[in-house]
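Trainee: Following this message is one structure expressed as C-alpha cells.
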Amino acid sequence: MDKYRQILQENWGYDDFRGIQREIIESIGSGRDTLGLMPTGGGKSITFQVPALAQEKVCIVITPLIALMKDQVFHLRQKGIQAAAVYSGMSHDEIVITLDNAIYGGIRILYVSPERLASELFQIKIRRMKVSFITVDEAHCISQWGYDFRPAYLEIANIRKLVPDVPILALTATATPRVIDDIQEKLLFKEKNFFRMSFERKNLAYVVRVAYDKYDEMLHILRSVAGSSIVYVRSRRRSKEISDYLNQHGITATFYHAGLENVVKDQRQQDWQHDEIRVMVATNAFGMGIDKPDVRTVLHIDCPDSIEAYFQEAGRAGRDGKKSYAILLYNDSDKHKLLKRVTDNFPEKDYIRSVYEHLAFYYEIGVGSGMDASFQFDVDKFCHTYRFFPIQVDSALRILQRAGYLDYDTDPDTKARVLFLLNREELYRLKNVTPIEEAVITSILRNYGGLFTDYCYIDEAFIAQQTELNQHQVYVALKSLNQQRIISFIPRSKVPQITYRTRRMSTEEIYLSPAVYEERLEQYKERIQQVISYATNDQICRSRQLLRYFGEERSTDCRQCDVCIAHSSDYLSEEKLAPYKQKILKLLADKKRHHITELKQIEGYNDLLDTALEYLIHEEIIYIEGSYIFTT
C-alpha cells in the first residue's frame, strides 16, 4: 500500500481517495506548485492534511476562516495529529509558544490567518521552521478578479521569498478561468499546474422559483421537502424575523450571523448539526467548513451578489450524494435591489473622501498625524453625528482600505483581559466575595499566569466550563470583581476597529486609483448582471448555466432543474428539431452573416424552424446581432 493511502486509512478510515484528491496530493508531494479546484464538499482538507503527515516538517495552512481553523485543529487533535492555529485575539505569549512549537517539531499542521503573515514576529519565526509546503485555502481571495478579494492575501507572495524552496498548494471551490490564471500568477507559481474537479452535482437540482410572497413559498417548499435546511438571507435583522416566522408556523428554526457571541453561534450550530433544529436561517457568515452531509434544501430568499457566492452556498446541500435542492426565490423587485447594491457598494468618490474627512473630525486627528493609531468604530454613532447612511459608510471604508489609507476590521473579536489589582495575600483574606466569584478567581489563577504584573487574555467560555457555570454567570462575576476593585476587567469587544495605515491626508490628497475603484466597480456590475441573467434565463438548463460560468462545458441537460422540467416536453421533439437545426447550420456554413429573413426561404419552413433557431442561439452555437445571424 502506498504511503498516502495508508495515512488516509489510518487517520480517516477511508479505503481510497476520491475525485482528484490523489492527483493533487501527488503533485504537491513531489514539490510542484499546485492549484486544486474542488466544489464544496469535494474533500479539500484531505489534499493538504494527508501529504502534510507524509513529511517530517510543518505544513502551514493560510485561511481567513477562524471558525474553520479552530474546528479543524480540534478534529485533528482528536485523531492524535499535532495541529495548532495562530489568529487575531491570541496573546503575544500564546502566539510565540505556538510558533516555537512549530520550529521545534511539536506541530505538523499550523493554521495561520492571512493578516498574521505581515507581522515581524511571524516572518522571523518562519525562517527557522522546516516547512513542507504552504497551503492557501480560499485561494480566490488573492485575485482582484475574484468575488471575495482580500488585500491580506497579497502578503503570501512575500512569504514565498522567505522560504523560496517551499511549494504552494492553492485550493478553492469557486474560480472562473480568469481567476485560475490570476491565482497562479499572484502566488508566483514556477509553472502553471492545476487540477479541476467537475463542478457538476448530479444529485443537486437547481431551481429558480418566481415568488411574490416569498415567506409563503418558503413554507410551501419546506413542508414539501423533508430534512435539514439552510435559508440564506442578506441581513442580520431578516435572519431573526424569518426564524421567528418559521417557528410560529411549526418548523423549528434558529438564526445565525456574525454579530452573535461565539458561544451562541457554536450552540446554534451544534443544535442544527444534531438535528435538534431543522432550519438554520443565516447570513453568508454561516457555512464555511460546515460538515453536515444531509442538508436536503438550501434556499435563498435574497439573491447573493455573485454566481460564485451562490454556487458555494448552494453546494452545501446534498453532500451525502442523495437528491437535494438549491432554490432561489426571485421576483421583479430583486433586480432593482441587486442594481441598488452597485451604488451602495461603490458610492461616489467625493462621498468616500467626505467619509475619510469626517472620520478625522470624529477622532480629532489633524492633517499629517495619526499613522498607526487605532480606534473603536461605532458606525451608528458616526452616522448619526454626521448624517451618513451605514451601508455606504461601510463601503467607503472598505474602498479606503483597498486604497491603503486605513485598516477596517469589522469583526475583531478581541479576547477579554484581566489584571489583578490585589496581591495574593490580599486575595486570600477576601471575605465578601460570593461563591461564584470565588470559583471564577480560583479558575483564573489556576489556568493563567502573569496576572499580577500585566493584563492577561482569558477565555470566558473555558472558565465557564472549568467552574461548571454558564458564560453569562462568569461575565457577571468578572464585572462585579471589577467594580469591587479586585481586578481590572476589560470585556471582550466585537466593535469594529479602524487603524490609520498612513498619516492623515487632506481630502485633496486622497487618490482612488482605477484598480481600486473603476475596475472593481465594473467587475461588480458584471457579477450582478450574471446573477440577474441566471435568475431570469428560463431557457437554458440551470446546471449548464452555472458550469459554463466556471468554464466547464457540457453537452447534456441535467433534466431535473426547473428549466429542464418545464421544457421536458421539448425533449420528445428532439428528433423533430434535428433536421431543422441542420438546415440552419447549412445556411451559415459559409461563415457569413445572414439576414434573419433568409430563414423563410429555407425549404419546408415552419414553426419548428423558429424553435430550432431559438435552441441554437440559447446554446450559443449561433449568434444574433440586430437582424443578422452568424456562427463564430
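Trainee: So, PHE462, is that one aromatic (Phe, Trp, Tyr), assigned to a helix (DSSP H, G or I) and in contact with a helix residue (DSSP H, G or I) (Cβ under 8 Å, 6 or more places away or on another chain) or not?
Mentor: Yes.
Trainee: Filter the range 452-506 down to the residues that are surrounded by fewer than 18 Cβ atoms within 10 Å (Cβ to Cβ) and of a type in the set (A, V, I, L, M), then identify the one that is nearest to the chain's Cα centre (by Cα).
Mentor: This residue is VAL495.
Trainee: How many residues are touching a residue at least 60 places away in the same chain (Cβ under 8 Å) and of a type in the set (Phe, Trp, Tyr) if we restrict to the range 111-147? Lay out the reasoning, then the answer.
Mentor: So in the range 111-147, the residues touching a residue at least 60 places away in the same chain (Cβ under 8 Å) come out as 126, 129-141, 144-147.
Keeping just the survivors that are of a type in the set (Phe, Trp, Tyr) gives 133, 145, 147.
Residues flagged as touching a residue at least 60 places away in the same chain (Cβ under 8 Å) and of a type in the set (Phe, Trp, Tyr) within the range 111-147 amount to 3.
Trainee: Restricting to the range 1-45, name every residue that is β-branched (Val, Ile, Thr) and in contact with a Ser or Thr (Cβ under 7 Å, 6 or more places away or on another chain). Before the answer, list the steps.
Mentor: In the first step, residues of the range 1-45 are kept if they are β-branched (Val, Ile, Thr); the result is 7, 20, 24-25, 28, 34, 40.
Correct list: ILE24, ILE25, ILE28, THR34.
Trainee: Out of GLN144, GLN184, report the one residue that is polar (S, T, N, Q), at pLDDT 90 or above and either on the phi > 0 side of the Ramachandran plot or assigned by TED's automatic domain parsing to the domain that holds LYS44 (or both). It would help to see each step written out before you state the result.
Mentor: Values: GLN144 fails: at pLDDT 90 or above.
Selected residue: GLN184, the only one of GLN144, GLN184 that is polar (S, T, N, Q), at pLDDT 90 or above and either on the phi > 0 side of the Ramachandran plot or assigned by TED's automatic domain parsing to the domain that holds LYS44 (or both).
Trainee: Can you tell which of GLY259, GLY250 is under 30 Å from ILE532 (Cβ atoms) and loosely packed, with under 15 Cβ neighbours inside 10 Å?
Mentor: GLY259
Trainee: While we're here: LEU577 versus (1) surrounded by 13 or more Cβ atoms within 10 Å (Cβ to Cβ); (2) modelled with pLDDT of 85 or more: which is the lone unmet condition?
Mentor: (2)
Trainee: In the range 92-111, which residues are among the hydrophobic types (A, V, I, L, M, F, W, C), farther than 25 Å from GLU460 by Cα and either modelled with pLDDT under 90 or over 22 Å from the mean Cα position of the chain (by Cα) (or both)?
Mentor: ALA102, ILE103, ILE107
Trainee: Please name all residue pairs, on different chains or six or more residues apart, with Cβ atoms under 7 Å, provided the first residue is in the range 546-559 and is in the same structural domain as ILE327 (by TED's automatic domain parsing) and the second residue is of a type outside the set (A, V, I, L, M) and modelled with pLDDT under 90.
Mentor: none
Trainee: Just one of the numbered conditions (1) crowded, with 19+ Cβ neighbours inside 10 Å; (2) in the same structural domain as LEU53 (by TED's automatic domain parsing) is not true of VAL208; which one?
Mentor: Answer for VAL208: the failing condition is (2).
Trainee: A further question follows. So, in the range 77-91, of the ones that are within 27 Å of the chain's Cα centre (by Cα) and either farther than 25 Å from ARG160 by Cβ or in contact (Cβ under 8 Å) with a residue 40 or more places away in the chain (or both), which residue ends up surrounded by the fewest Cβ atoms within 10 Å (Cβ to Cβ)? Before the answer, list the steps.
Mentor: Pass one, the range 77-91, residues within 27 Å of the chain's Cα centre (by Cα): 77-79, 81-91.
Narrowing the set further to residues that are either farther than 25 Å from ARG160 by Cβ or in contact (Cβ under 8 Å) with a residue 40 or more places away in the chain (or both) leaves 77-79, 81, 88-91.
Working: ARG77: 12, GLN78: 9, LYS79: 13, ILE81: 17, SER88: 14, GLY89: 15, MET90: 17, SER91: 17.
That would be GLN78.
Trainee: Regarding the range 221-229, can at least one residue be identified that is at pLDDT 95 or above, surrounded by fewer than 17 Cβ atoms within 10 Å (Cβ to Cβ) and either in contact with an Asp or Glu (Cβ under 7 Å, 6 or more places away or on another chain) or in a helix (DSSP H, G or I) (or both)?
Mentor: no
Trainee: Only helices (runs of 4 or more DSSP H) wholly contained in the range 266-375 count here; list those with 1 or more residues that are of a type outside the set (A, V, I, L, M, F, W, C) and within 23 Å of the chain's Cα centre (by Cα).
Mentor: Helices (runs of 4 or more DSSP H) meeting the threshold: 307-314, 332-345.
Trainee: I would also like to ask the following. Tell me which residues, restricted to the range 112-128, are under 22 Å from ASP33 (Cα atoms) and either exposed (fewer than 13 other Cβ atoms within 10 Å of the Cβ) or at pLDDT 95 or above (or both).
Mentor: If the condition is that a residue be under 22 Å from ASP33 (Cα atoms) and either exposed (fewer than 13 other Cβ atoms within 10 Å of the Cβ) or at pLDDT 95 or above (or both), then ARG127, ARG128 are the ones that fit.
Trainee: Filtering the range 288-300 down to residues that are farther than 29 Å from ASP213 by Cα and among the charged types (D, E, K, R), which residue is surrounded by the fewest Cβ atoms within 10 Å (Cβ to Cβ)?
Mentor: Selected residue: ASP291.
Trainee: Inside the range 267-287, can you point out the residues that are over 18 Å from LEU222 (Cα atoms), touching a residue at least 24 places away in the same chain (Cβ under 8 Å) and surrounded by fewer than 19 Cβ atoms within 10 Å (Cβ to Cβ)?
Mentor: Going residue by residue through the range 267-287, those that are over 18 Å from LEU222 (Cα atoms) are 267-271, 274, 283-287.
Subset that is touching a residue at least 24 places away in the same chain (Cβ under 8 Å): 283-287.
Correct list: ASN284, ALA285.
Trainee: Also, quick follow-up: Among THR414, THR410, which is the only one that is touching a Ser or Thr at 6+ places or on another chain (Cβ under 7 Å) and at pLDDT below 85? Steps first, please.
Mentor: On the way: THR410 fails: touching a Ser or Thr at 6+ places or on another chain (Cβ under 7 Å).
Going through THR414, THR410 in turn, just one is touching a Ser or Thr at 6+ places or on another chain (Cβ under 7 Å) and at pLDDT below 85: THR414.
Trainee: Give just the number: which of (1) in a helix (DSSP H, G or I); (2) modelled with pLDDT under 90 does GLY450 not satisfy?
Mentor: The failed condition is (1).
Trainee: Here are THR385, THR434: which of them is touching a residue at least 12 places away in the same chain (Cβ under 8 Å), outside the structural domain of VAL474 (by TED's automatic domain parsing) and over 29 Å from GLU155 (Cβ atoms)? Explain how you work it out, then say what you get.
Mentor: Details: THR434 fails: outside the structural domain of VAL474 (by TED's automatic domain parsing).
Being touching a residue at least 12 places away in the same chain (Cβ under 8 Å), outside the structural domain of VAL474 (by TED's automatic domain parsing) and over 29 Å from GLU155 (Cβ atoms) holds for just one of THR385, THR434, which is THR385.
Trainee: Please indicate, with yes or no, whether at least one residue in the range 42-52 is over 23 Å from ARG116 (Cβ atoms), of a type in the set (Lys, Arg) and buried (at least 17 other Cβ atoms within 10 Å of the Cβ).
Mentor: No, that holds for no residue.
Trainee: Could you say whether any residue in the range 284-303 is more than 25 Å from SER543 (Cβ to Cβ) and not small (Gly, Ala, Ser)?
Mentor: no
Trainee: From ARG559, ARG527, ARG593, grab the single residue that is surrounded by 11 or more Cβ atoms within 10 Å (Cβ to Cβ) and under 20 Å from THR174 (Cβ atoms).
Mentor: Of the residues listed, the single one that is surrounded by 11 or more Cβ atoms within 10 Å (Cβ to Cβ) and under 20 Å from THR174 (Cβ atoms) is ARG527.
The values are calculated or read from the model by the stated rules, or taken from the named source; none is laboratory data. Computed from a predicted structure; not experimentally measured. Cβ coordinates were reconstructed from backbone atoms using ideal geometry, including for glycine residues, and neighbour counts include every protein chain displayed.
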